[in-house]
Amino acid sequence: KQEVTQIPAALSVPEGENLVLNCSFTDSAIYNLQWFRQDPGKGLTSLLLIQSSQREQTSGRLNASLDKSSGRSTLYIAASQPGDSATYLCAVCTWNAGNMLTFGGGTRLMVKP
Amino acid sequence: DAGVTQSPTHLIKTRGQQVTLRCSPKSGHDTVSWYQQALGQGPQFIFQYYEEEERQRGNFPDRFSGHQFPNYSSELNVNALLLGDSALYLCASHPGLNNEQFFGPGTRLTVL
């Protein structure tokens, strides 16, 4: 059974810092990994999708890497801004689990002005 | 291009009642999945519909059922509501298997 863990659970940083969010998963037989952003009480916004054959994806100030063999992904946020404050979730789509996503518990990020 | 839409936005029910939540997928998407997100936790997979059939199911009791219509929209039904069913219910759509999933804004269900 796939299990996904995100560390840290919460993070508070001053504006302008570069930061790294971590995601680990137990079963490396995955199709892809997605990073999402969730604002309080809202739905999920897809940030980046990394296919199992890829090592990283970039979108603006965001860069996500994937090391499938070690079961790890990182989301790098450059020059953080107060508007980046949200919960960040990673989710994996596993070979033997059809197309369901297994989510981590999320990292709650607060960027202080 | 409209994204994934869900209705209603909020819902308050009492224990033992039944509820129906609705989801319209993103244009061009034929697969719909439902997730339950309790406060402070990551979403949990409920089930997935493709070609009007339930293709996959998570660890949820039979009180949770669903339907997919020919236009790919979907409903989630929950019978005999329990206090523990209070959560944000999220719908996701995607074009076939193993592709990027797009989520709707969710329906906040409160069971009193």
Using θ = phi - 60° and Karplus 6.51 cos²θ - 1.76 cosθ + 1.60, couplings along region A:28-34 (whole Hz; Gly, Pro as x): 7, 7, 10, 7, 7, 9, 10
Calculated on alpha-carbon atoms, Rg and Dmax of chain A in Å: 13.5, 44
Trypsin sites (Lys or Arg not before Pro) lying in DSSP loop within region B:31-88, provided at most 12 other Cβ fall within 10 Å: none
For the protein assembly as shown, Cys with no neighbouring Cys Cβ under 4.7 Å: A:93
Test item: Cα-centred dipole of chain A, Lys/Arg +1 and Asp/Glu -1 on Cβ, debye: 100 debye
For residue A:48, residues with placed amide H under 5 Å, excluding near neighbours: A:35
For residue A:99, distant residues with modelled amide H under 5 Å away: none
Residue with peak Gaussian network fluctuation, chain B [Cα springs, cutoff 10 Å], from B:17, B:101, B:37: B:17
q = 0.23, 0.25 Å⁻¹, region B:33-112: log10 I(q)/I(0) [Debye, one scatterer per Cα]: -1.20, -1.39
Förster-model FRET efficiency, 25 Å R0, residue A:39 and residue B:5, C-beta, rounded to 0.05: 0.90
Euclidean distance between Cα centres, region B:1-24 to region A:17-37, Å: 29 Å
Sequence-distant aspartates and glutamates (8 or more away, or on other chains) whose Cα lies within less than 15 Å of residue A:68: A:3, A:27, A:56
GNM flexibility winner over chain A from A:53, A:80, A:69 (Cα, springs under 10 Å): A:69
Within region B:8-112, GluC sites (Glu not before Pro) in DSSP loop having at most 13 other beta-carbon neighbours inside 10 Å: B:51, B:52
Protein accessible area in the protein assembly as shown, 1.4 Å probe - carbon and sulfur %: 49 percent
Relative contact order (%) - chain B, alpha-carbon pairs under 8 angstrom, separation at least six: 37 percent
Distance between modelled label sites at residue B:60 and residue A:28, nm, 7 Å Cα→Cβ extension: 3.3 nm
Residue A:110 - accessible surface, heavy atoms, 1.4 Å probe, Å² rounded to 10: 110 Å²
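Once the convex hull of the alpha carbons of the protein assembly as shown is built, what does its volume come to per residue, in cubic angstrom?
Per residue, the Cα convex hull of the protein assembly as shown comes to 120 Å³.
The values are calculated or read from the model by the stated rules, or taken from the named source; none is laboratory data. Everything quoted here is computed from the prediction, not taken from an experiment. All Cβ positions, even for glycine, are placed from backbone atoms using ideal geometry, and neighbour counts span all protein chains on display. Just the protein is used for accessible areas: all its heavy atoms, side chains included, with ligands, DNA and RNA removed. Shrake-Rupley method; radii C 1.70, N 1.55, O 1.52, S 1.80 Å.
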